Amino acid sequence: MKQPWSKRHKREFKGCQFSLSNSFAQPLTMPELIKLMKSKGEDGLLELYNNHDLQYVPNGGSIDLRQDIARVVYDNQLSAENILVFPGGQVAIQTAALAFASHGVHSIVFTPGYQSTIESPEWANGNGGVTQIPRNPNNNWQFDMSSFKGAIRPNTKFVIINEPWNPGGIVMNHQTQNEFIDICRRHDIVVLSDEVYRLLEHNESDRLPAMANAYEKGISAVTMSKPWGACGVTIGWLACQDLDMIQRLVDVQYFGTACPSRCSEIQARMVLVVSNDILMNRREIILRNKALLMRFVEKYSEFFTMEEPNAGAIAFVKCNLFPSHVLGEQLAENGISIKPYYCFADVNETGQDIEEAHYFRVGFGELKFASNLDALAKFVDTNAESWREEHSTGR
């Protein structure tokens, strides 16, 4: 197992005052959640929260939470038995890879991306190899169907996708999803779809069906942290139609962190009860901040370019002058945090001088984004002339 790619980021940007790194929606507070609950007359859940016991909950989550997830997120097309709850989304992704990428299975993943969605199949004992398919900025970072078809082998039985895609905030269209599922169905491939940014589409017409709803061998991975801003609840889950597949996941989960806390479960249920109110508010914040980011990139277009995101609270911005780790070093010295390219790919293998290494992720889901972006703008204004001189002399 390799070092966490984000380890370097945490070291280099430690203590930065102006964070443009976070990828979640505006974090919830408990007072805000309680106020929303009371406005809906949900006193029963508040009572349950204040008086719950501290016994173990069942492996894979309590039935009341799993029923709420099935109802709110999957429109009752799935039931509680199709949901497996975890203490966060990270361990859920790893569990799926360990369950389905072993015994000689060849896996396909896409890069750049979240490290666990790229490397977790390699952690499965007896895996049959992993093919990484690069997403290309020259193709607007879109899913490359021809590369996917070409990577399939007779033993390809596991694929991980991330839609909407981190770090770009871009989601494939409906036609592409349908074609992708048809191909996977023909080859009997299990699909793990990391959907942690789903429900934050900037235009709801772009929202794809959850993979767990759309494909009989599809697994949806979700966490409370991104769309609802409920990071501290630390609840995630896997959803799947096939109960035999669920059992394989249960068997692997048993040897990991099988039980979430009851406190977290009840908080998650509270979030789901007022889900529509939270999502509407968070999307408003995201769209307002996105407009600010678009204006920033337009104003400083000689230094930055960006493919407009259409989902989530993230964008992949290109620094036109130098690699993002160089920009990051300068920003860190001035208390500004971004997520350089090295957080999303193994730069020891790909190198730091390729075009992709000029990209960095910006998170724009929080209320403080405007002031943090203003700090970045002031930094650019201060350094613009020296950057131009550097660029003109080729240094």
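The values are calculated or read from the model by the stated rules, or taken from the named source; none is laboratory data. Values in this document were obtained by computation on a predicted structure and should not be read as measured data. Glycine gets a Cβ as well: all are built from the backbone with ideal geometry, and neighbour counts include every protein chain shown. Surface accessibility is based on the protein's heavy atoms, side chains included, excluding ligands, DNA and RNA. Shrake-Rupley method; radii C 1.70, N 1.55, O 1.52, S 1.80 Å.
The condition (being of a type in the set (S, T, N, Q), within 25 Å of Pro164 (Cβ to Cβ) and either at pLDDT 95 or above or open to solvent by 40 Å² or more (accessible area, probe 1.4 Å) (or both)) is satisfied by just one residue among Ser386, Ser337, Ser392: Ser337. Considering every residue within the range 301-310, establish whether at least one is open to solvent by 40 Å² or more (accessible area, probe 1.4 Å), over 20 Å from Gln26 (Cα atoms) and assigned to a helix (DSSP H, G or I). No; the residues of the range 301-310 include none that is open to solvent by 40 Å² or more (accessible area, probe 1.4 Å), over 20 Å from Gln26 (Cα atoms) and assigned to a helix (DSSP H, G or I).
Residue by residue, here is whether (1) crowded, with 18+ Cβ neighbours inside 10 Å; (2) at positive phi; (3) polar (S, T, N, Q) holds:
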| position | (1), (2), (3) |
| --- | --- |
| Asn125 | no, no, yes |
| Lys149 | no, no, no |
| Phe158 | yes, no, no |
| Gly169 | yes, yes, no |
| Gln177 | yes, no, yes |
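Looking at Pro227, is it touching a residue at least 24 places away in the same chain (Cβ under 8 Å), in a loop (DSSP other than H, G, I, E, B) and not β-branched (Val, Ile, Thr)? So Pro227 fails the test.
Condition check for Leu287 on (1) in contact (Cβ under 8 Å) with a residue 24 or more places away in the chain; (2) out of contact with any strand residue (DSSP E or B) (no Cβ under 8 Å at 6 or more places or on another chain); (3) within 20 Å of Pro167 (Cα to Cα); (4) open to solvent by less than 50 Å² (accessible area, probe 1.4 Å): one failure, at (4). Residues in the range 51-78 that are more than 20 Å from Asp194 (Cα to Cα) and among the hydroxyl-bearing types (Ser, Thr, Tyr) were compared, and the one that is modelled with the lowest pLDDT is Tyr56. Filtering Ser371, Ser386, Ser337 for residues that are in contact with a Cys (Cβ under 7 Å, 6 or more places away or on another chain), over 14 Å from Gly169 (Cβ atoms) and polar (S, T, N, Q) leaves a single hit, Ser337.
Output the number of residues of the range 311-332 satisfying the condition of being open to solvent by 10 Å² or more (accessible area, probe 1.4 Å) and either charged (D, E, K, R) or under 17 Å from Phe364 (Cα atoms) (or both).
Of the residues in that region, 2 qualify.
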